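Mind having a look at this structure? Questions to follow.
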Amino acid sequence: MRTLWQLLLITLVHVQAIELQLDDPASVKKACHDIAKVMLEHYTGNQPGDVPGNLPDPYYWWEAGAMFSALVDYWFYTGDDQWNDLVTQGLVWQAGESGTFMPNNQTRTEGNDDQGFWAFAAMSAAERNFPSPPSKGADWLEMAQATFNTQAWRWDTSSCNGGLRWQIFTWNGGYNYKNTISNGCFFNLAARLARYTGNQTYADWAIKVWDWTREVGFMTDDYAFYDGADDTKNCVELDHIQWTYNPGVYLLGAAAMYNFTNGDPVWKERTEGIIAGANVFFAEEPKDVMYERACEPVDTCEVDQRSFKGYLARWMAASTQFAPFSYDLVMPKLRASANAAAKACTGGPRDGICGLKWTEQRYSGELNDVGQQMAALEVIQSTLIEKVDPPVSQEHGGTSKGNPAAGSENPPPPPAHIFTRSITTGDRVGAAILTIFFSLMGSVTPSYNIPTHCKAGVIENAGPDFRVRVETVPVPQPGPNDILIKLNVTGLCQSDVHYMLDDLGISMSTFGVRSPGHEGAGVVVKIGENVKNWKLGDRAGIKPMMDTCGTCAHCLSDKETYCSSAIHTGLMVPGNISLAFVSDNLLTRSRNLPAIHCVSRRYASPIPDGIPDEIAAPVMCSASTIYRSLTESRLQPGDWAVFPGGGGGVGIQGVQLAYAMGMRPIVVDTGDDKRALALKMGAEAFVDFKKEADTAAAVIKIADGIGGHGVFVTAQAAYPTALAYLGQRVGGAVMCIGIAPAGTMTIPVDPNLLLFRNTRIQGTLVGSRHDTARALDFARRGKLQQICEVYPIDRLPEAVDKLRRGQVAGRIVVSFNQ
């Protein structure tokens, strides 16, 4: 009965929207605060174990950059600085050491538009004199300049007579698509840099991009902006879908150029023309209320498209300060849209969740969404534009320090001719997403012409004097329950070196195997007749286990890696470095098919789109193994995790995973390179065992003066001293991961120590299929980054020798594409 009365009372409560009086700045500021507060409830980048600047799934990386731009504006419009430290932390982290907004957690899946949206936050911070970041690293202006320089370097004249591609890297879906938003971001940034610095070079680039956009047809004579076109068809077949942010991004750039040229009538006409052309995004009823015409009427707006209206509002308002004549043209639309947006913010227990459709002037029950909150925030705070000072410049009040050469010292590599995946949902990290153009293209079923022979890495004279050679061997054929995988890369593991040295007490020569290797990543090119769960073209990985019995107690309890009938890849059957071939005309579209391997259909691991092969391959063994060890250690967030040898391949992945899981990693290793790498990847401290007289004491001092909660031994030489890192910690664990030559290593232990301190010593062989899937998910979310040196198959002997000598910071990956 009580519940019934509560429901009756709820129905009697008058639903209150965000209270907004547009002519009362205090009312506007309060509305902005309430909306921003709800938006930031989604942000986890300031939480232990997460990456500063990242939004959680389902939000794309670029949208976090857009959110920080909105918060820079929020501070400037309202004077409320409560979130400034959060903004600074996120921007500095994601800008990276180079200031280019190409951090390690994104560079393999990043688009030009993604990078541009982050640079906009830095550019706005410079224009608004947002408090400068810590003295170490790039300032806001330098970040914007660094991004500009990397994008200018990517201007591509190989097709469509110029333009930026949507995606930066060839392996990402959308690489062959040139789109308006990527080029609009470049234009916008160039124009604003020209105005801020007075440098004509930026203006010249802005003019170049504008002219190209008109010539290619992405912008029409009446200022309609289309989405883009396929560059393999020379951009002649346009996708005519229109999004709000495309005219917006060009509008602010045009207004900045009007300002830079001291009122050039050409740029005045262009600015007015874009505003007039954008009328298609404002409803007749209710009058002048903005809507996303491509998706709102048919209820198909995807995650990032829900934020697009906010950018048009942001840039319309900002344009009035670069080109004051535009104020009367845009402000009626912004005020009408702001009022409607406020009426749509009635969701949730505090009436602060904003709906998508402002034209309905009510909350329609949508989920709490970052993009919808951001769009409402942008349009409402934009009405304060006449209350604040115009953007500064270097000559007029600007304090942000610049560097015209920033980002140009180490430009990204030129496009390489390697296999490019089809566009999938997982690939959509850019702001334009898949559009109708791509959906009409359909899919192409891959076909493969597999040769009879291939290159192989072969071990001769396994033992202390082993030699590695590259030979030609027959290509295997899959059995009825197998799949054949075209390998793009394979990781080199220390276990491979042990197999070559023949020092584990079990020899691969016993099984007639001459080639180790168990960290492969590639594509399925042939399937056995009984295989139903794989199809041609699927991405797949090969792990240390080729197969198990599937029926014993171990297999049935997620301890399949201890199955007595397990078949070990590279030990009992040929490993990944053994079966590589190079041939012409192997793929449709004339792509080479450089490597191939047979594997049981049960033990191949599906690789999600969006994870580069260089990251996925080491996950098959090292990352999944250390993940298993971390979970079995029982450490909790906030616990100290010590990694002797943590600068190596397995250890550095453990550092990243431990950090992502909320632990506090301490790395014990030696060398400046490993120190820098460990600290960059999340280690809270680095102890150089060659510089510390008492390494264990140094670790204990860092770990609260007590000792580590867990020690993860990935370097075999650390076993004799591993227990010392636990210090006086009760309940600590030593996790044994690194394989040592048989009979060479022991852990000296007094049983009383285990008794009185509740200490555990436990081993982890390799990760299970479940562990591999979990580790891949960390990689998919950007929390497990690529740290590897890539060697072509022909340089395999050199790579093995370097690994054997312990000269590798991170992993070594062998590429079959080079």
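Just the accessible area per residue of the chain, please: how many Å² with a 1.4 Å probe?
Roughly 39 Å² per residue, with all protein chains present.
Which loop-located trypsin sites (Lys or Arg not before Pro) does the range 748-818 contain, where loop means any DSSP state but H, G, I, E or B and the Cβ has at most 10 other Cβ atoms within 10 Å?
Passing both the DSSP loop test and the Cβ count: 805.
Order these peptides, 368-375, 201-208, by their mean beta-carbon neighbour count within 10 angstrom, highest first.
Put in order of decreasing packing, that is 368-375, 201-208.
Please state the relative contact order of the range 266-368 as a whole percent: Cα pairs under 8 Å, 6+ residues apart?
Relative contact order for the range 266-368 comes out at 24 percent.
Let me see the P(r) profile for the range 140-284: every Cα-Cα distance counted, bins of 10 Å, each bin given as a percent of all pairs.
The distribution over the range 140-284 is 12, 43, 34, 10, 0, given as percents.
Under 18 Å between alpha carbons, and skipping anything fewer than 8 positions from residue 691 in its own chain: which aspartates and glutamates qualify?
669, 672, 673
In whole Hz, what ³J(HN,Hα) sequence does the range 643-660 give by Karplus (6.51, -1.76, 1.60; θ = phi - 60°), x for Gly and Pro?
With coefficients 6.51, -1.76 and 1.60, one gets 10, x, x, x, x, x, x, 6, x, 5, 6, x, 4, 5, 5, 4, 4, 5 Hz.
For mean projected area of the Cα convex hull in nm², which listed value, (i) 35.9; (ii) 42.9; (iii) 38.7, comes from the coordinates shown?
The calculated read-out lines up with (iii).
Name the residues whose placed amide hydrogens come within less than 5 Å of the amide hydrogen of residue 685, ignoring near sequence neighbours (fewer than 5 apart) on the same chain.
Under 5 Å from the amide H of residue 685 lie the amide H atoms of 667, each far enough along the sequence or on another chain.
Residue by residue through the range 250-255, which ³J(HN,Hα) values in whole Hz follow from phi under the Karplus form 6.51 cos²θ - 1.76 cosθ + 1.60 (θ = phi - 60°), with glycine and proline marked x?
Those phi angles translate into 6, 4, 5, x, 5, 5 Hz.
If you restrict to DSSP beta bridges whose two residues both lie in the chain, what percentage is antiparallel, to the nearest 5?
Roughly 60 percent of the beta bridges in the chain run antiparallel, per DSSP.
Along the range 737-746, what does the Karplus equation 6.51 cos²θ - 1.76 cosθ + 1.60 (θ = phi - 60°) give for ³J(HN,Hα), rounded to whole Hz, x for Gly and Pro?
Calculated HN-Hα couplings, in order: 10, x, 7, 10, x, 3, x, 9, 10, 9 Hz.
Quick one: which residues, 5 or more positions from residue 363 or on another chain, have an amide H under 5 Å from its amide H? H modelled 1.01 Å from N in the peptide plane, none for Pro or chain starts.
Counting only residues 5 or more places away or on other chains, the set is 346.
At a 1.4 Å probe radius, carbon and sulfur cover how many percent of the accessible area of the chain?
Using a 1.4 Å probe with all protein chains present, the chain comes out at 51 percent carbon and sulfur.
I'm checking a number: the convex hull volume of the Cα atoms of the range 22-118, normalised per residue, in Å³. What is it?
Spelled out: Cα convex hull of the range 22-118, divided by residues, is 111 Å³.
Okay, moving on. Output the peptides 393-404, 642-653 sorted from most to least packed, where packing is the average of other Cβ atoms within 10 Å over each peptide's residues.
The most tightly packed comes first, giving 642-653, 393-404.
Quick check on my link table: of 455/543; 208/309; 136/690; 357/680; 455/559; 136/357, which ones sit more than 32 Å apart, alpha carbon to alpha carbon?
357/680; 455/559; 136/357
Continuing with this model, one more query. Ranking request for peptides 268-275, 471-478: highest mean number of other beta-carbon atoms within 10 Å first, then the rest in descending order.
Going by the mean number of other Cβ atoms within 10 Å, highest first, we get 268-275, 471-478.
The values are calculated or read from the model by the stated rules, or taken from the named source; none is laboratory data. Source: prediction; values computed, not measured. When we count neighbours, we look across all protein chains shown, and the Cβ atoms used for this are built from the backbone with ideal geometry, even at glycine. We work out accessible area using only protein heavy atoms, side chains counted, and drop any ligands, DNA or RNA first. Shrake-Rupley method; radii C 1.70, N 1.55, O 1.52, S 1.80 Å.
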